1. Phe79's amide H: which non-local residues (gap 5+, or another chain) put their own amide H closer than 5 Å, with H modeled 1.01 Å from N in plane and none for Pro or chain starts?
2. Amide H to amide H under 5 Å from Val127: which residues, 5+ apart in sequence or cross-chain, H placed 1.01 Å off N in plane?
3. For the chain, what is the per residue volume of the convex hull drawn over the alpha-carbon atoms, in cubic angstrom?
4. Work out the charge dipole of the stretch 86-150 with +1 on the Cβ of Lys and Arg and -1 on the Cβ of Asp and Glu about the Cα centre, then indicate which of Ala89, Pro128, Ala146 is farthest towards its positive end.
5. When the Karplus curve 6.51 cos²θ - 1.76 cosθ + 1.60 is applied with θ = phi - 60°, which whole-Hz ³J(HN,Hα) does each residue of the stretch 93-101 get, with x for Gly and Pro?
6. Name the long-range amide H neighbours of Val74: under 5 Å, sequence gap of 5 or more, or other chain; modelled H, no Pro or chain starts.
7. At R0 = 25 Å, how high is the FRET efficiency between Glu137 and Ala31 if r is their beta carbon distance? Nearest 0.05 is fine.
8. If you take every residue apart from Ala112 with its C-beta less than 11 Å away from the C-beta of Ala112, what net charge results, scoring Lys and Arg +1 and Asp and Glu -1?
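The values are calculated or read from the model by the stated rules, or taken from the named source; none is laboratory data. Keep in mind that what you see is a predicted model, and the values were worked out from it rather than measured. Don't worry about glycine lacking a Cβ; one is built from the backbone with ideal geometry, like all the others, and counts go over all protein chains shown. Areas reflect the complete protein model, heavy atoms only, side chains present, ligands, DNA and RNA absent. Shrake-Rupley method; radii C 1.70, N 1.55, O 1.52, S 1.80 Å.
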Amino acid sequence: DPGLAGYLARVRGLDAGHVEDALGHQGGLLALAGTGDMREVRARDGAEARLALRIYTRRIRKYVGASYALLGRVDAIVFTGGVGEHDAATRAESLAGLERLGITVDAALNEADATGERAVSPPDAEVPVLVVPTDEEWEIARQALALIDA
């Protein structure tokens with residue numbers, strides 16, 4: 001909501017730095033469930049945690065659908081990072097209802113105790129759903145070496 005920053009400044013008396021901190025660091029899962037750690041949210045059994053999970057996965061689903069509509073096609077859906085790599089429930093819930101777009105998750109593949117790059121969609125899926133581990137430290141080192149060698 002573009003009016004949120006002005007509202008926080010006016011009603012809560014926050015200056016620009018505090019508004020930025022509130023929106024960038026105090027929102028999302030933390031504001032809804034009291035923690036920004038998805039593992040803790042999943043472990044909780046309360047209305048706040050359920051709401052946070054519904055909002056989180058709905059937002060992903062919304063952006064996947066919107067991207068599909070804007071692009072006209074999707075080559076793949078890629079989950080990465082801590083939640084994307086390790087949270088099968090979030091992957092499944094985030095893509096639920098997108099089957100008409102050719103986006104499906106195979107429950108057995110998605111829930112398998114696997115690591116590394118892998119597909120979690122059925123082999124014949126129109127849109128592959130992939131899990132790709134990240135290694136930010138390696139990428140930083142690779143880019144730093146490229147700069148040194150340039």
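1. Result for Phe79 returns Leu130, Val131, Val132.
2. Answer set, sorted by chain and number: Thr104.
3. 184
4. Pro128
5. Coupling constants for the stretch 93-101: 5, 5, 10, 4, x, 9, 4, 5, 8 Hz.
6. Those lying under 5 Å, H to H, from Val74: there are none.
7. 0.25
8. -2
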